[in-house]
Structure formats: C-alpha cells, structure tokens
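Each remark here refers to the structure printed beneath this line.
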Ligand code: FAD
C-alpha cells in the first residue's frame, strides 16, 4: 500500500521507522533483531536507507596508493523485499541521484516494481568523500526534482527508450526530504522551500523531515510550507539521543541545532544510561506535543538501535 494511503486512512498518529542496511559481511538477522521489538507498534512502513560507494586508498607497499571504490552497506532493495515478505509491512527504499545514470535509475525502479514495492523516498544524496561538492553522473540527476520527474514519467508509462511498445506503467508513491533548519547548502530557508515546492509540484506526495530537537522549528517550517502552497503531509523525523558524542556529532553531520536545555541535561550526565534516559525523555516530550498537534505520523530514525525508540513508544501507546 502507498504511504499516502496509510496517512490518509489513519485517524491517529502513526509511527514509522528508518533502518540502515548492515555493514557488508554482516547477517540480515541484525535487521530483524532491530525490527522485531518494534512490530508491536504496528508501523505502516519502514524506510531503508541507501548508501553509495566510497573511495578508499589502499597501500600498495611501494609507497604508492591505489584508489578503490567500496560500498560498505549494500542491500537496500533486498532488505526491502525481505521486510515485506517477513512482516507484511510496506518497505520504502531510499533512491538517490548520486552514482546513478538515468539508465541505472530506470533499471533500479524496474527491479522495485517487479518486487511489488510501491513507494520510494527520492533523494539527491551527499557528495562523495574527498569531493568538494555533489557531482552527478554525466547522464544523472543533479537535483532530486529531476529524479522525481523521471519516476513520474515512468508512472505515466514513459521510459527512456521511447521506442518501447505496450509498456507497463509503474505506480510509485514518491516521498522527499525537507529540512526545518534548512539544507546546509541552501543560501536561506526561503530558497530551500522554493525547491521543496518544486519537488512537490514534480510529483512528491509527502515530505519526511530531517531530525530536529525543537518542535517550534517543525511547526514554523510547516507554517512556511503551507504559506507557499506546499499542502502534502509533512512527517516529522525524530532521533533519540543515545550517546554524549552526539551533542557535537549531530550538529556537525546534520546541520541542526540542539536546544540549550537538552545540551545542559546531556552534559550533566555521568553514564551512558543517564544519556539514554535523557534522550528517551526528550523524545517522549517531543512526540507528545507532535501528537497533540495532530501530525499524521512520527518517523523515528531508529537506524540499527531500537532500544530508545521502543522506550519512547511504550510511553505513547
Ligand atoms: P535536493 O532536494 O536536490 O536539494 C539539495 C540542495 O540543492 C538544497 O540545498 C536545495 O535547496 C538545492 N536545490 C534543489 N533544487 C535546486 C535547483 N533546481 N537549483 C538550485 N538548487 C537547488 N542520503 C543518502 O545518501 N541516503 C539516504 O538513504 C538518505 N536518506 C535521507 C532521509 C531523509 C529523511 C533525509 C532528510 C535525508 C536523507 N539523506 C540520505 C541525505 C540527503 O541525501 C542529503 O541531505 C542531500 O544533501 C540532499 O538531498 P535532497 O533530496 O534534499 O536534495
């Protein structure tokens, strides 16, 4: 079932999760271990992130280095199929522009269509490490709007090869990312929102936000979206804090702010357990306010750790 149908059908706030594929060489059981405890909260869908190649430099032993491409977390599509098969829950693969030609994208979408996947979260992806800025493939997409347009064309039965006859239309529900604290490359939030509207106008049916820790930022973002005519559901994304290092890592990696009260509470902690407790309490308070405001769904960035998300949800349902 499509995400938009889940959202339209539900009368109360839903809870969805985002996981990442295990490191190459690990077993898929680690994914099931992360999902199993969360099934009691009846997630309508589970997102699976996509991780493009990285480049490492291997020593050759003669003073020279060899540049080698590796993918540390392959398996997004297979994990989606496994989740749908094992749990009968919709799985949303993330599909990115980076590293994909238009032909690669079309073939990836055909794989998903044949597997019965009806949803995708369309993203640009970040630059590859060692590059100064995001570089699309020569025939790839520079921005997510272009990727959405390709998916929307397939939904209408238009493939890259216009000689194809009697083609099957795909039927993907497309989600996109939104940034309450703006995307780090955007000159300002107004500009970022203009491009977010382009994504929706191109065919995105819902938005999932980057994580935030101050609900006021989400509410203001939603207001600003509505003011410029973005009328699709905007799903808030929450991440439970589980480690003290995240006080600095989350702002650095995701270009977001942590509120003073949260930073002070985390800095006062003396043990990992205390940190997790603060993270869970903050997540409960954020969730309660969002639910009271009538959000259609709360999306938890569970990644491979389910414990704190479980403890938050236990207090909510
Ligand atoms: P876009 O919407 O293309 O925007 C990128 C930047 O370009 C923004 O600053 C925007 O304002 C600007 N822009 C957009 N269109 C134009 C235009 N036409 N002209 C000029 N400027 C423009 N990354 C992964 O690699 N794998 C994942 O699985 C993944 N999952 C994610 C899930 C969520 C919910 C979120 C919030 C992010 C995720 N990311 C993932 C990270 C994402 O790929 C990065 O944040 C990326 O830098 C931007 O992606 P986007 O789709 O928002 O890009």
Who wins for biggest fluctuation among 109, 60, 164 in a Gaussian network model of the chain, springs between alpha carbons below 10 Å? 60
Suppose a student asked you for the relative contact order of the range 3-314, using Cα pairs under 8 Å spaced at least 6 residues apart; what percent would you report? 19
Sorted from fewest to most neighbouring beta carbons within 10 Å, what does the list 65, 141, 255, 94 look like? 65, 255, 94, 141
Taking R0 as 25 Å, what FRET efficiency do you get between residue 126 and residue 68 from their Cβ-Cβ distance, rounded to the nearest 0.05? 0.80
Once fully extended, how much extra length lies between residue 317 and residue 27, figured as 0.36 nm per residue of separation less the alpha-carbon to alpha-carbon distance? 101.3 nm
Rounded to the nearest 5, what is the percent of antiparallel bridges among the DSSP beta bridges in the chain? 20
Specify the residue with the greatest mean-square fluctuation among 103, 192, 47, computed from a Gaussian network of the chain linking alpha-carbon atoms under 10 Å apart. 103
Contour minus end-to-end for residue 40 and residue 194, with contour as 0.36 nm per residue of separation and end-to-end as the Cα-Cα distance? 51.6 nm
Using 0.36 nm per residue, how much length does the chain from residue 288 to residue 11 gain when fully extended, once their Cα-Cα distance is taken away? 98.1 nm
Given springs between every Cα pair under 10 Å in a Gaussian network model of the chain, which of 26, 113, 224 has the largest fluctuation? 26
Put a dot 7 Å past each Cα toward the Cβ at residue 168 and residue 274; how far apart are the dots in nm? 5.8
I'd like the distance separating the alpha-carbon centroids of the range 221-299 and the range 1-70, in whole Å. 20
Estimated 222 nm signal from helices in the chain, with DSSP H stretches of n ≥ 4 weighted -39500 (n - 2.57), rounded to 500: -12500 deg cm²/dmol
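A short reminder: the numbers here are calculations on the coordinates, not readings from a lab. Note that the structure is a prediction, hence the values are computed from the model and not measured. Note: ideal-geometry Cβ built from the backbone for every residue, glycine included; neighbour counts use all protein chains shown.
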